[in-house]
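Here is the structure we will look at.
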């Protein structure tokens, strides 16, 4: 009897800790999705204007543009990297778009965009794989270079407007669905399949979980890591082009918040900062959550600064959930 | 290594530019180095403890703006307001440190989130120039002892104290131990959490000091102040030989890097290098430094 009595508290505490672990586990998978649901319920009560068809359309388009950047960021994070240069690439791509509006040369624009993507992606990839520079340092160096190159290229005057054909893409619809949303969903579908059902996807998770083990198993680790940075650069370029088409003009601050937001969306969507975990759909939910939250603040008439505070806070909360979860599984 | 580059650059610049070797410019360079120096010392402690602080720039801005507003609207003596500003900065740092040490939050991401939050708080305080700073506060920047600004002398003292703390105090040695090898540090009976929290607190304190110094320089709360300081301080630390994986780095190395970066931007100004090319040039220098930096793969 006395044995059981002394065991009792230990058992209860073990049960309690298991329950906490389950909650954290669940949160890390469904935090973004459940927060989206809660936010929508909140919106329906306190800000019905949120559900006007014009606003829903705006939310979806903004989500799709952030969502495209997040697709790249997700891949980088799964491979235990991250990309701080996406915002700079977006803005540079948008500047190139504005210039093509003046010249009307679409082929030249396409070539420029490909060169931009390849140059940044390869530079990041080489620094991380060949020079073994930590991803955030490498991509941060590229952030300064790309921003600096844009400033030098435009002499500070990057204001301009998007060409007509791109305005049509950015604001147009196909079967009632905004074109950027369609593009996002197609890319999302591709990535979903690529992560779930291709060799590259398996390699990527392996590289993110355990680099050494992956190398021993014959995975071309450097090539996989390099491919993630090409992916982030490509997604950032596409997002920058679409964004300039959607807002119609280009200025120096166009891509500004996308570094922080793309990481926040992926991490709240369940992608582990420590690599190897997460997927395309969770990240998409994360992007949706961030845009809904920010839009809700606008609809409710709150000041601009609340947007920044909320975006930062989402990132802090996301990383806290992951931190606590990782700490528990370490102990177990 | 870093000193070779710094010394060569200073020598070459001194030979070719009379303006550069002018005493007024020399003291100017030293005074320009103060903001980056303060923040990078804080960053050094955090990085030694295997962390990173992305919130330093926005902490400096929020404290600078907050102090500017409070100075204009209160009867409290300026010295008290400045102390409260430093305290607030230290508390922000402590918050970061607690999130990292007690909640296991990944340092880069959590301080990046704080950076976003603080950016918003800065906007909330003011989106335009705000607050008039009394002359007694502006004196922090301006007062000189003979030809040398007092601020430069005080900063010299700060460098020496930082060097002494890391070299000769329990906390300093514990910082190296906790960052270099957390497991061994724990076995040796060191309280790793407390060391990490203290390092971030120190970083917050230094950021607040940098914000106050920026305020004293401009005389008015500037909502764009301290832009990019987090990146510059990390670059300075990295160029100065501080390991991004914790446990290795020195005050001397960081001092050389801060001096180098300040001299480069001073030369940009002296030679009226087009503002549009300065960022690109700086970026290419960083890129080069990062690319040739030999990363220790044994850790």
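Which condition breaks for residue B:183 when tested against (1) assigned to a helix (DSSP H, G or I); (2) within 20 Å of residue A:315 (Cβ to Cβ); (3) modelled with pLDDT under 95?
(2)
Select from the stretch A:106-125 the residues that are more than 24 Å from the chain's Cα centre (by Cα) and loosely packed, with under 14 Cβ neighbours inside 10 Å and list them in ascending order.
Listed by number, the residues that qualify are A:106, A:107, A:108, A:111.
Kindly establish whether residue A:321 is buried (at least 19 other Cβ atoms within 10 Å of the Cβ) and in contact (Cβ under 8 Å) with a residue 24 or more places away in the chain.
Spelling it out, residue A:321 is indeed buried (at least 19 other Cβ atoms within 10 Å of the Cβ) and in contact (Cβ under 8 Å) with a residue 24 or more places away in the chain.
Filter the stretch A:126-159 down to residues that are in contact (Cβ under 8 Å) with a residue 12 or more places away in the chain, over 23 Å from the mean Cα position of the chain (by Cα) and more than 7 Å from every other protein chain (Cβ to nearest Cβ), then give me how many there are.
5
Residue by residue, here is whether (1) surrounded by 24 or more Cβ atoms within 10 Å (Cβ to Cβ); (2) within 13 Å of chain B (Cβ to nearest Cβ) holds:
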| residue | (1), (2) |
| --- | --- |
| A:249 | no, no |
| A:260 | yes, yes |
| A:274 | no, yes |
| A:291 | no, no |
| A:315 | yes, yes |
| A:325 | no, yes |
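Let me spell it out: the conditions are (1) farther than 19 Å from residue B:167 by Cα; (2) buried (at least 24 other Cβ atoms within 10 Å of the Cβ); (3) within 14 Å of chain A (Cβ to nearest Cβ), and residue B:215 meets all of them except one. Which number is the exception?
(3)
Would you check which residues across the stretch A:277-289 are within 14 Å of chain B (Cβ to nearest Cβ) and at pLDDT below 90 and list them?
Selection gives A:277, A:278.
Please count how many residues of the stretch B:159-178 are in a helix (DSSP H, G or I) and out of contact with any helix residue (DSSP H, G or I) (no Cβ under 7 Å at 6 or more places or on another chain).
Selection size over the stretch B:159-178: 7.
Does residue B:150 satisfy the condition of being modelled with pLDDT of 95 or more, closer than 26 Å to residue B:65 by Cα and surrounded by fewer than 18 Cβ atoms within 10 Å (Cβ to Cβ)?
So residue B:150 does not fit the description; no.
Answer with yes or no whether residue A:270 is touching a strand residue (DSSP E or B) at 6+ places or on another chain (Cβ under 8 Å) and at pLDDT below 90.
So residue A:270 fails the test.
Quick check on my filter: what residues within the stretch A:293-313 are assigned to a helix (DSSP H, G or I) and more than 9 Å from every other protein chain (Cβ to nearest Cβ)?
A:293, A:294, A:295, A:296, A:297, A:298, A:299
Among the residues of the stretch B:81-135, write down those that are over 18 Å from residue B:62 (Cα atoms) and either free of Cβ contacts under 8 Å to residues at least 60 places away in the same chain or within 7 Å of another protein chain (Cβ to nearest Cβ) (or both).
Across the stretch B:81-135, the qualifying residues are B:99, B:103, B:104, B:105, B:106, B:108, B:109, B:135.
Is it the case that the stretch A:77-95 has a residue that's away from every other protein chain (no Cβ under 14 Å), over 25 Å from residue A:225 (Cα atoms), surrounded by 23 or more Cβ atoms within 10 Å (Cβ to Cβ) and in contact (Cβ under 8 Å) with a residue 24 or more places away in the chain?
yes
Please verify whether the stretch B:63-80 includes one or more residues that are without any contact (Cβ under 8 Å) to a residue 60 or more places away in the chain, more than 14 Å from every other protein chain (Cβ to nearest Cβ), surrounded by fewer than 23 Cβ atoms within 10 Å (Cβ to Cβ) and under 24 Å from residue B:250 (Cα atoms).
No, there is no match, as no residue in the stretch B:63-80 is without any contact (Cβ under 8 Å) to a residue 60 or more places away in the chain, more than 14 Å from every other protein chain (Cβ to nearest Cβ), surrounded by fewer than 23 Cβ atoms within 10 Å (Cβ to Cβ) and under 24 Å from residue B:250 (Cα atoms).
The values are calculated or read from the model by the stated rules, or taken from the named source; none is laboratory data. Every value quoted in this text rests on a predicted model; they were computed, and no experiment measured them. Positions of Cβ are generated from backbone atoms using ideal geometry, with glycine treated the same way; all protein chains shown enter the neighbour counts.
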